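Each value in this text was obtained by applying a stated rule to the coordinates, not by laboratory testing. Just so we're clear, the structure is a prediction, and the values are computed from it rather than from any experiment. Note: ideal-geometry Cβ built from the backbone for every residue, glycine included; neighbour counts use all protein chains shown.
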Amino acid sequence: MKKMFFSSLFAVLMLVLCQNEMVHAQEKSTATKTDAKFYEFQKLKNPPTYPGGVEQFYKTVFNNVNYPEAASKKNVQGTVVLSFIIEKNGAIGNISPDKDLGSGLTEAAIVALKSTKKWAPAKIDGKPVRVKMNIPIKFSLKS
């Protein structure tokens with residue numbers, strides 16, 4: 001039976017998430033209601049923080065990914081990209097796939113993402129705000 005080999009793409013993610021110059025976020029809106037607004041992680045001066053740091057967040061996600069049997073049997077490999085919102089209370093919500101490979105890989109990635117702890121929310125002017133983030137999760141089989 002094939003063994004799962006999982007890679008985190010940590011270096012790429014750190015480049016995206018930890019830019020040298022953080023600037024005030026430009027407001028994004030998905031609807032007209034105030035609560036529907038969210039900010040882009042890369043543009044925040046005070047972004048959300050995960051207990052133990054971003055590296056711990058990725059370790060938690062990657063340690064909780066289970067390769068679906070259907071995907072393994074079909075030799076489906078690749079990267080699932082998920083978008084999600086870190087809510088004002090630090091919970092993860094609005095999870096949606098930006099790239100779906102099928103065969104249960106997206107569902108496995110969502111389950112792993114939901115296994116994480118709450119974040120300390122981002123703040124603007126001392127008030128918590130919603131933040132949009134993305135995470136690529138690579139699935140590959142190694143014989």
Test each condition in (1) touching a residue at least 12 places away in the same chain (Cβ under 8 Å); (2) in contact with a Ser or Thr (Cβ under 7 Å, 6 or more places away or on another chain); (3) of a type in the set (A, V, I, L, M, F, W, C) for ALA36 and report the one that comes out false.
(1)
Go through the stretch 49-83 and count every residue that is assigned to a strand (DSSP E or B) and either over 12 Å from ILE137 (Cβ atoms) or hydroxyl-bearing (Ser, Thr, Tyr) (or both).
3
Inside the stretch 111-143, the number of residues satisfying the requirement of being assigned to a helix (DSSP H, G or I) and either surrounded by fewer than 18 Cβ atoms within 10 Å (Cβ to Cβ) or among the hydroxyl-bearing types (Ser, Thr, Tyr) (or both) is 2
In the stretch 70-110, residue surrounded by the most Cβ atoms within 10 Å (Cβ to Cβ) [restricted to those that are among the hydroxyl-bearing types (Ser, Thr, Tyr) and on the phi < 0 side of the Ramachandran plot]:
THR106
